[in-house]
Amino acid sequence: MADERVCRGCGAALQTTDEAKPGFVPASAMEKENILCRRCFRIRHYGEFMPVAVTEADYQAQVARIFDQPGLVLYVIDVFDLAGSLVPNLARFVLSSDVVVVVNKVDLLPEGVSYEGLGDWIRSRVEKTRVPVDDVLFVSAARGHGMDELLQLVFDRVDSPVYVVGMANTGKSTLLNGIAARADRTLAEPYTVSRQPGTTLALSELILDGPRGPVHVFDTPGLMYEARVVEKLCSDCLTTVIPRNRLRPKVYQLNPEQTLFLAGIARLDFVRGDRQPVVLYVSNELPIHRTKLSRADDIWERHRDDLLQVPCEKCRPTFERWRQYRLKRLRRDEKAAPGSIAVSGRGSDIVIPGLGWITLSGAAFEGVLSIPDWLHAVARPRLIGDISRRVGQGGDVL
Ligand SMILES: Nc1nc2c(ncn2[C@@H]2O[C@H](COP(=O)(O)OP(=O)(O)OP(=O)(O)O)[C@@H](O)[C@H]2O)c(=O)[nH]1
Ligand SMILES: [Mg+2]
Ligand SMILES: [Zn+2]
Ligand SMILES: [Zn+2]
């Protein structure tokens, strides 16, 4: 595995014959020691991106190694897109391994989040896919939070391999670069990281010199999965939609018959109920537009470019068809109707995977949430307790 003939950045086998295929380098470059393929070179230096889809069959062939040589699986989850982070059919590969769910990108979470509540919710969602979870860790691979604790787990694995596994774009390569840096292992070439999914193409091995002996850690390619916000948007749109900094909650005091547009990606109609605060946890850059329910269709028809902005014209065709959920705060004895989302009397977070979430307070609410038809919204107990308290803590009241 520690073969010189693979690209240090993405794991692709190096070749000099086909420029269009992964792993291409000009023949003259083959003489060097730590070789970076041309694609990695361009991603790093020019921010160009040439996504390469790892097919499911290819992917499974690669992760089959985990089944043959069990060890510690670090299952990396994007805290912003749990649904889009669950690897289909992972269970059968990891049954004999220890699985630690590594919830990444927590630097983006607003202050005041209940990590316990979030951890329980994530654990239960992962366990529903039959993957046994030994532990849940919260990290920011990019900013370092939680990485020391993670490194201790890794250093303990002197007798079996460690695999960093997860869907494309969850931050696996960033995590490995962070582990290497913390383990005082200077990489001649860091693993290639990019804003778009489909960066790492094959397994690549990193040998750490731990206090108890050498540890073998593997970066793995991420599986692509089309029904995710991150795979439907161009690089420009992603700059607006994917948060880059800690979220600042936006609090809207809404009256019935008002609508909120979360760019041109989601629409919340508040049809009936009590005036109440509605809190948005989305990228600070995402354009939000509040209007009367009676004007909302007109905004959608005529103001996508100036008011809603994202998705851009090029990305728009995949965002034309909506899926609609009825949202309703239920009374105690009431059951949710099919196709609807129940809001608890204690308040709920309505999660839109890859975009963020909307917190409803639990006051009387009836409305409709519209999102693209390839996405699925879910409700979870709210992560942040008292909304009115939040307002004083850096939230914007609008
Ligand atoms: N805010 C934040 N962004 C992160 C963090 N870790 C990774 N990212 C970003 O997530 C994106 C994907 O990171 P990668 O490390 O390339 O993800 P990957 O899982 O290796 O992706 P593939 O190789 O495509 O499977 C990049 O834009 C990273 O900067 C983090 O801790 N916080
Ligand atoms: Mg990667
Ligand atoms: Zn490469
Ligand atoms: Zn776009």
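The values are calculated or read from the model by the stated rules, or taken from the named source; none is laboratory data. Computed from a predicted structure; not experimentally measured. With ideal geometry, Cβ positions are generated from the backbone for all residues, glycine too; neighbour counts draw on all protein chains shown. Just the protein is used for accessible areas: all its heavy atoms, side chains included, with ligands, DNA and RNA removed. Shrake-Rupley method; radii C 1.70, N 1.55, O 1.52, S 1.80 Å.
General remarks:
- Three-way shape label, segment 64-119, alpha-carbon gyration tensor, a/c 1.5: prolate
- Sorted from longest to shortest, the spans of the Cα atoms of segment 208-305 along the three principal axes equal 66, 28, 20 Å.
- When you filter the trypsin sites (Lys or Arg not before Pro) in segment 1-57 for DSSP loop state and at most 13 other Cβ atoms inside 10 Å of their Cβ, you are left with Arg5, Lys32.
- Heavy-atom accessible surface of segment 27-225: percent carbon and sulfur, 1.4 Å: 48
- Shape box of the chain [Cα atoms, principal axes, largest first, Å]: 68, 42, 37
- Both radii are taken from the alpha-carbon atoms of segment 27-225; with Rh as the Kirkwood radius, Rg/Rh is 0.95.
- Each peptide in 103-110, 238-245, 45-52 gets a packing score, the mean of other Cβ atoms within 10 Å over its residues, and the list from highest to lowest is 103-110, 238-245, 45-52.
- Trypsin sites (Lys or Arg not before Pro) lying in DSSP loop within segment 249-357, provided at most 13 other Cβ fall within 10 Å: Arg275, Lys314, Arg321, Arg331, Arg332, Lys335, Arg346
- Over every Cα atom in segment 109-228, the radius of gyration and the widest Cα-Cα span, Dmax, amount to 15.0, 43 Å.
- Shape of segment 234-386, Cα gyration tensor, a/c cut at 1.5: prolate
- Residue-normalised accessible area of segment 1-115, expressed per residue, 1.4 Å probe, Å²: 45
- The mean sequence separation of alpha-carbon pairs under 8 Å and at least six residues apart, normalised by the residue count of the chain, gives a relative contact order of 15 percent.
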